Amino acid sequence: METADSRNKLHSRLRLWEFPDQYIIEPADGSGASCLDISRVDASMKLIDHVPESNSVRVPKIRSIFGVVGMLKLLAGSYLVVVTESERVGSFLGHPIFKITTLKVLPCDHSLQNSPEEQKKMETEFSKLLSVAEKTTGLYFSYQVNLTLSSQRLHDLGDESKSLPLWRQAEPRFLWNNYMLEVLIDNKLDQFLLPVIQGSFNSFETAIGRDIVDITLIARRCTRRNGTRMWRRGADLDGYVANFVETEQIVQMNGYSSSFVQVRGSIPFMWEQVVDLTYKPKFEIVQPEEATRIAERHFLDLRKKYGSVLAVDLVNKHGGEGRLSEKYATVMQHITGDDIRYLHFDFHQICGHIHFERLSILYEQIEGFLEKNGYFLLNEKGEKMKDQLGVVRSNCIDCLDRTNVTQSMIGRKMLELQLKRIGVFGAEETISSHPNFDEHYKILWANHGDEISIQYSGTPALKGDFVRYGHRTAHGVLKDGWSSLRRYYLNNFADGTKQDAIDLLQGHYIVAVSRDMAPVPQKGGLEAVANFPVALFVVLMSFWFATMSLKQAGSDYKHKHLFFSLLWTGICVGMAALVRANGRIFCNRPRLHKPRG
């Protein structure tokens with residue numbers, strides 16, 4: 001007879017049988033548990049005792065899978081999302097952690113055959129977003145431990161909570177597949193419900209004398225306002241901010257375990273940058289009268305979850321960023337108090353592009369807060385010795401490059417305090433005193449920053465050479481230039497579609513049939529050929545001809561005229577192509593979706 005614990009235990013090995021009319025997911029971990037039967041006609045689910053027999057008519061395709069991520073419903077069909085490839089990347093509190101390397105979307109859309117032609121076309125259009133979803137990066141899971149909670153919160157869970165299935169223990173805001181699991185939850189399929197987080201997971205071991213030190217860095221991305229760089233900025237009316245990431249640094253040695261948590265997130269009121277082909281679109285503050293109320297909601301939520309909060313604002317004091325910073329500082333005057341503090345540190349003005357060692361100036365200003373609020377610490381008996389009582393919340397504009405450099409500095413200082421407390425380091429000893437440790441630690445944070453940046457911007461983090469090597473390099477500067485160009489391309493030509501896919505996966509928009517659903521317009525004329533390759537080709541050719549003209553122009557007015565004519569003609573044609581290339585489904589077809597909730 002199955003015990004409650006065995007019924008809650010996730011299946012760690014599964015076999016997928018793809019029959020013409022059904023999917024069978026069979027536990028292959030030796031548990032002898034029931035199989036999951038999913039209809040390919042209407043996506044209905046039920047548990048069965050055995051895999052059905054195959055015959056010459058019903059020949060199944062068989063493959064191993066490593067978890068069920070969830071189910072998505074579109075206009076007529078439903079789509080099962082499973083993990084087909086994964087790799088072990090380390091351990092969290094002694095439990096194996098896996099990274100998803102390949103997702104597969106399996107259609108349960110046979111009922112689509114009887115749908116109207118217009119609906120079939122719309123289904124095809126929406127289902128294309130799922131191919132974008134299959135490319136989602138930075139997804140991690142564990143069969144045994146709840147990855148959505150920090151070490152401190154896991155330790156504080158009651159015995160009753162710890163006995164629940166992993167998905168019921170999970171923090172919803174960090175559960176990447178929260179929406180996709182709903183159908184499986186409704187069918188009470190706890191053993192098949194795989195909680196997944198998006199973020200990063202990196203670790204290394206190093207020796208200090210005879211002691212082995214294990215360092216882990218784990219990031220958890222919030223799903224409430226998830227998205228891409230230019231399409232998700234600022235906060236929503238509920239105070240949830242874009243690119244909100246919780247980063248936990250864990251050190252384990254000689255039975256001791258200690259963790260330190262930081263967070264990052266966009267400036268917490270409504271603002272945006274509308275993509276318009278310019279390199280740096282203008283910053284616009286939206287509903288400024290609501291800014292204080294939105295920020296209050298945001299910081300109240302942080303206060304409840306983390307304790308005291310120190311908001312470190314790293315944006316420029318002047319220019320477009322300066323307007324945001326000025327508004328942020330004004331808003332915070334109404335919010336700051338004993339438990340919430342605000343500090344502005346103009347990263348670019350003080351550190352420039354190469355003098356990041358000047359972050360020591362910032363550390364001197366926040367050192368008291370860090371020492372007072374501390375870190376979480378367990379002794380070799382698993383007894384709590386310290387709690388972390390507050391959190392540093394860092395932001396720049398993207399909450400990527402300047403933020404990652406700053407967080408790595410704070411993480412380094414706190415790790416040194418932790419190692420001194422455990423007795424590994426002497427009073428004057430630092431990570432830099434141990435070259436091997438220092439090198440691995442820099443790589444740890446550089447990889448962490450790159451992965452977080454790729455999820456939001458599509459490129460590795462800028463200024464990553466300083467985090468990786470401790471100083472700026474010529475190669476790093478060139479790499480930053482290339483990454484900036486790639487971000488420009490992605491922002492203008494690719495991220496709109498990616499944003500649609502994210503909104504679909506997270507349940508921010510739910511596809512629904514409308515009575516006045518219009519057919520998909522047929523492409524013709526310029527629209528038929530207007531896509532990104534054409535747009536890019538035209539713009540580049542425009543610049544090439546313009547450059548050639550400029551070289552020959554001298555002081556000739558006609559050549560100058562030709563230069564500007566070709567330049568602006570090319571950009572205009574490129575913009576026309578952009579409208580088609582980056583037209584977002586959810587923006588252009590509001591009849592087909594509705595906000596969740």
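The values are calculated or read from the model by the stated rules, or taken from the named source; none is laboratory data. Owing to the predicted nature of the structure, the values given are computational and were not obtained by experimental measurement. Positions of Cβ are generated from backbone atoms using ideal geometry, with glycine treated the same way; all protein chains shown enter the neighbour counts. Side chains included, ligands, DNA and RNA excluded: accessible areas come from the protein's heavy atoms. Shrake-Rupley method; radii C 1.70, N 1.55, O 1.52, S 1.80 Å.
Summary table
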item	result
Scope the stretch 301-342; condition of a type in the set (Phe, Trp, Tyr) and open to solvent by 40 Å² or more (accessible area, probe 1.4 Å); matching residues	Tyr342
Every residue from the stretch 280-294 that is among the polar types (S, T, N, Q) and either part of a strand (DSSP E or B) or within 24 Å of the chain's Cα centre (by Cα) (or both)	none
Selection count where residues are open to solvent by less than 30 Å² (accessible area, probe 1.4 Å) and either modelled with pLDDT under 95 or within 30 Å of Ser115 (Cα to Cα) (or both), scope the stretch 19-44	12
Residue in the stretch 242-251 that is touching a Cys at 6+ places or on another chain (Cβ under 8 Å) and among the aromatic types (Phe, Trp, Tyr) present	yes
Some residue of the stretch 103-126 being outside any helix (DSSP H, G or I), closer than 30 Å to Phe204 by Cβ and within 24 Å of the chain's Cα centre (by Cα)	yes
Subset of the stretch 164-186 [open to solvent by 10 Å² or more (accessible area, probe 1.4 Å) and within 24 Å of Glu26 (Cα to Cα)]	Leu164, Leu166, Trp167, Arg168, Asn178, Tyr179, Glu182, Val183, Ile185, Asp186
Hits in the stretch 171-186 (condition: in contact with a Leu (Cβ under 9 Å, 6 or more places away or on another chain), part of a helix (DSSP H, G or I) and in contact (Cβ under 8 Å) with a residue 40 or more places away in the chain)	Phe174, Val183, Leu184
Scope the stretch 343-359; condition open to solvent by 30 Å² or more (accessible area, probe 1.4 Å) and free of Cβ contacts under 8 Å to residues at least 24 places away in the same chain; matching residues	Ile350, His355, Glu357, Arg358
Qualifying residue in the stretch 76-93 (condition: surrounded by 18 or more Cβ atoms within 10 Å (Cβ to Cβ), assigned to a loop (DSSP other than H, G, I, E, B), at pLDDT 90 or above and aromatic (Phe, Trp, Tyr))	no
Sole exception among (1) more than 17 Å from Ile294 (Cα to Cα); (2) touching a strand residue (DSSP E or B) at 6+ places or on another chain (Cβ under 6 Å) for Ile340, by number	(1)
Among residues of the stretch 335-368, those that are in a helix (DSSP H, G or I) and among the acidic types (Asp, Glu), counted	3
Flag if Arg297 is assigned to a helix (DSSP H, G or I), modelled with pLDDT under 95 and among the basic types (Lys, Arg)	no
Among (1) in a helix (DSSP H, G or I); (2) open to solvent by 40 Å² or more (accessible area, probe 1.4 Å) - the single one Asp238 does not satisfy	(1)
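One line per residue, one yes/no per condition, for (1) touching a helix residue (DSSP H, G or I) at 6+ places or on another chain (Cβ under 6 Å); (2) open to solvent by less than 10 Å² (accessible area, probe 1.4 Å); (3) in a strand (DSSP E or B):
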{"site": "Lys188", "(1), (2), (3)": "no, no, no"}
{"site": "Phe204", "(1), (2), (3)": "yes, no, yes"}
{"site": "Ile218", "(1), (2), (3)": "no, yes, yes"}
{"site": "Arg232", "(1), (2), (3)": "no, no, no"}
{"site": "Gln249", "(1), (2), (3)": "yes, yes, yes"}
{"site": "Ser266", "(1), (2), (3)": "no, yes, no"}
{"site": "Phe269", "(1), (2), (3)": "yes, yes, no"}
{"site": "Thr278", "(1), (2), (3)": "no, no, no"}
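Residues checked against (1) under 30 Å from Arg232 (Cα atoms); (2) of a type in the set (D, E, K, R); (3) at pLDDT below 95:
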residue: Val392; (1), (2), (3): yes, no, no
residue: Thr403; (1), (2), (3): yes, no, no
residue: Thr406; (1), (2), (3): yes, no, no
residue: Met409; (1), (2), (3): yes, no, no
residue: Leu415; (1), (2), (3): no, no, no
residue: Pro435; (1), (2), (3): no, no, yes
residue: Tyr441; (1), (2), (3): no, no, no
